[in-house]
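K.L.:
Can you keep this structure in mind? I'll have questions shortly.
The values are calculated or read from the model by the stated rules, or taken from the named source; none is laboratory data. On a predicted model such as this, the values are computed, not experimentally measured, just so you know. As a convention, Cβ positions derive from the backbone with ideal geometry for all residues, glycine included, and neighbour counts pool all protein chains shown. The area values use the complete protein model at the heavy-atom level, side chains included, leaving out ligands, DNA and RNA. Shrake-Rupley method; radii C 1.70, N 1.55, O 1.52, S 1.80 Å.
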Amino acid sequence: MPTAVLQTSFLGDMILTTPLLERLAREGEVHVVATPANAAVLANHPAVSSVLVYDKRKADAGVAGLRRVAARLRATGATTAYMAQGSWRTAALARLAGVESVGFDTSAGRWLYSRRVTYRQHWHHAQRLWALASDPRNDALRPPDALRPSLYPGALDIAHVTALLDAAGVVVGEPLLALAPGSVWATKRWPLYDALARELVARMPEYRVVVIGAAGDAPLAAAIHTAVQERGGPPVIDATGKLSLLGSAALLARCAVLATNDSAPLHLASAMNTPTVALFGPTVPAMGFGPLADRHVVLGRDELPCRPCSAHGGQGCPLGHWTCMREVAPTTVVEQIEQVAQGAL
Ligand code: SF4
């Protein structure tokens, strides 16, 4: 029986939806409604029969756009839509398409759902999404603890990574260490990646640093490069804005460790099982968005009573001191990177 999954949230949410897609694909076709930005990350995914792009802010804005996408959703033949994103708009989309909808009992659009599933606050979000497809007669069914998302970079994505590394003079077997210093939320951006880079040159000189992120993260990559050069390290490989999302995933698959904020690269690394050191400030992993790679460490100032202070992390610290990020020491981070790289954690 064909099903649909409606996921129009952030990139990380889409990546964490892939275990649900895999589960549903065991029963039949799975059609996914996604934003233009997130649609590309599902390319080559064996669990996905089709991706319906819903450009809710531009091309498909308004009621006419909603009806247009609803018609395309109806044409898939899906009988049930799993509401991985919980707005009233996606709920209305399912209604207009004439499909049954299953979503969380905390979602804004819950009043329009055909069936509501308990939102389990303390589960990882990948588990919460997976549980949307739980048998309602066995609602206590717990998803596997080792649930991990999945992505499938294509040959072109991998070729772009190879070209990038070749151009940087990376030799076969040279270990790579990825840093992802960006985030759309300013308070999530740990401000000491350049200091970390200096520590890495001193303590892990055999590793080549590669910076992952969007084009807007290039100044952060430049600061890291300068810091490494000051210590006599090899040129940093700046991959910011140079790869597709799946290209970034393919690059992470080549890396021994990723050090990252609570942002999309963390979830890309989970999908590729790249060992991860994650720095959390205004958010905490207990909210459901921690790393899922087999080897991972989470760093944060757990003793601060103000944490967490927002669901996503804001653009400024409400208390003005931003201690949660400013006081995570680079020496602590590099120690954890060493441990994870050596397989000790
Ligand atoms: S209020 Fe606390 S948790 Fe929030 S940004 Fe400021 S220091 Fe961080």
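K.L.:
Restricting attention to segment 90-115, report how many residues are out of contact with any Ser or Thr (no Cβ under 8 Å at 6 or more places or on another chain) and either under 18 Å from His312 (Cβ atoms) or modelled with pLDDT under 95 (or both).
P.N.:
To start, the set of residues in segment 90-115 that are out of contact with any Ser or Thr (no Cβ under 8 Å at 6 or more places or on another chain) comprises 92-93, 96-98, 103, 106, 110-111.
Retained after the next criterion (residues that are either under 18 Å from His312 (Cβ atoms) or modelled with pLDDT under 95 (or both)): 106.
Residues in segment 90-115 being out of contact with any Ser or Thr (no Cβ under 8 Å at 6 or more places or on another chain) and either under 18 Å from His312 (Cβ atoms) or modelled with pLDDT under 95 (or both): 1 in total.
K.L.:
Which of the residues belonging to segment 283-310 are more than 14 Å from the ligand (Cβ to nearest atom) and in a loop (DSSP other than H, G, I, E, B)?
P.N.:
Gly288, Phe289, Gly290, Pro291, Leu292, Ala293, Asp294, Arg295
K.L.:
Do we have Thr240 as open to solvent by less than 20 Å² (accessible area, probe 1.4 Å) and either touching a Ser or Thr at 6+ places or on another chain (Cβ under 8 Å) or within 16 Å of the ligand (Cβ to nearest atom) (or both) here? Lay out the reasoning, then the answer.
P.N.:
Working: open to solvent by less than 20 Å² (accessible area, probe 1.4 Å): yes; either touching a Ser or Thr at 6+ places or on another chain (Cβ under 8 Å) or within 16 Å of the ligand (Cβ to nearest atom) (or both): no.
No; evaluated as a whole, the condition is false for this residue.
K.L.:
With open to solvent by 60 Å² or more (accessible area, probe 1.4 Å) and part of a helix (DSSP H, G or I) as the only criterion, which of Ala202, Ala195 stands out? Walk me through how you get there before you give the answer.
P.N.:
On the way: Ala195 fails: open to solvent by 60 Å² or more (accessible area, probe 1.4 Å).
Just one listed residue meets the conditions, Ala202.
K.L.:
Is one or more of the residues making up segment 250-269 in contact (Cβ under 8 Å) with a residue 60 or more places away in the chain, of a type in the set (D, E, K, R) and buried (at least 17 other Cβ atoms within 10 Å of the Cβ)?
P.N.:
Yes, because at least one residue in segment 250-269 is in contact (Cβ under 8 Å) with a residue 60 or more places away in the chain, of a type in the set (D, E, K, R) and buried (at least 17 other Cβ atoms within 10 Å of the Cβ).
K.L.:
Moving to a separate point now. Select from segment 56-78 the residues that are in contact with an Asp or Glu (Cβ under 8 Å, 6 or more places away or on another chain) and open to solvent by 70 Å² or more (accessible area, probe 1.4 Å) and list them in ascending order.
P.N.:
Listed by number, the list holds a single entry, Arg68.
K.L.:
Which ones in segment 311-323 are more than 14 Å from Met287 (Cβ to Cβ), under 21 Å from the mean Cα position of the chain (by Cα) and within 8 Å of the ligand (Cβ to nearest atom)? Don't jump to the end; show me each part of the working.
P.N.:
So the first thing to find is which residues in segment 311-323 are more than 14 Å from Met287 (Cβ to Cβ), and the list is 314-323.
After this cut, where a residue has to be under 21 Å from the mean Cα position of the chain (by Cα) as well, the list is 314-315.
Across segment 311-323, the qualifying residue is only Gly314.
K.L.:
Something else now. Return yes or no: is Ala81 part of a helix (DSSP H, G or I), assigned by TED's automatic domain parsing to the domain that holds Gln127 and surrounded by 15 or more Cβ atoms within 10 Å (Cβ to Cβ)? Full working, then the answer.
P.N.:
On the way: part of a helix (DSSP H, G or I): no; assigned by TED's automatic domain parsing to the domain that holds Gln127: yes; surrounded by 15 or more Cβ atoms within 10 Å (Cβ to Cβ): yes.
No.
K.L.:
Find all pairs meeting these conditions: Cβ atoms under 9 angstrom apart; at least six residues apart or on different chains; first residue within segment 307-328 and open to solvent by 60 Å² or more (accessible area, probe 1.4 Å); second residue more than 7 Å from the ligand (Cβ to nearest atom) and among the basic types (Lys, Arg).
P.N.:
Pairs that qualify, where the first residue is open to solvent by 60 Å² or more (accessible area, probe 1.4 Å) and the partner is more than 7 Å from the ligand (Cβ to nearest atom) and among the basic types (Lys, Arg), are His312/Lys188; Glu327/Arg301.
Residues checked against (1) assigned by TED's automatic domain parsing to the domain that holds Gly103; (2) in contact (Cβ under 8 Å) with a residue 24 or more places away in the chain; (3) out of contact with any Leu (no Cβ under 7 Å at 6 or more places or on another chain); (4) open to solvent by 10 Å² or more (accessible area, probe 1.4 Å):
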| residue | (1), (2), (3), (4) |
| --- | --- |
| Thr8 | yes, yes, yes, no |
| Leu16 | yes, yes, no, no |
| Glu29 | yes, yes, yes, yes |
| Pro36 | yes, no, yes, yes |
| Leu42 | yes, yes, yes, no |
| Tyr54 | yes, yes, yes, no |
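K.L.:
Without any contact (Cβ under 8 Å) to a residue 60 or more places away in the chain, touching a helix residue (DSSP H, G or I) at 6+ places or on another chain (Cβ under 6 Å) and within 16 Å of the ligand (Cβ to nearest atom): which single residue out of Ala278, Ala223, Ala197 fits that description? Can you show your working first?
P.N.:
Values: Ala223 fails: within 16 Å of the ligand (Cβ to nearest atom); Ala197 fails: within 16 Å of the ligand (Cβ to nearest atom).
Testing whether each residue is without any contact (Cβ under 8 Å) to a residue 60 or more places away in the chain, touching a helix residue (DSSP H, G or I) at 6+ places or on another chain (Cβ under 6 Å) and within 16 Å of the ligand (Cβ to nearest atom) leaves just Ala278.
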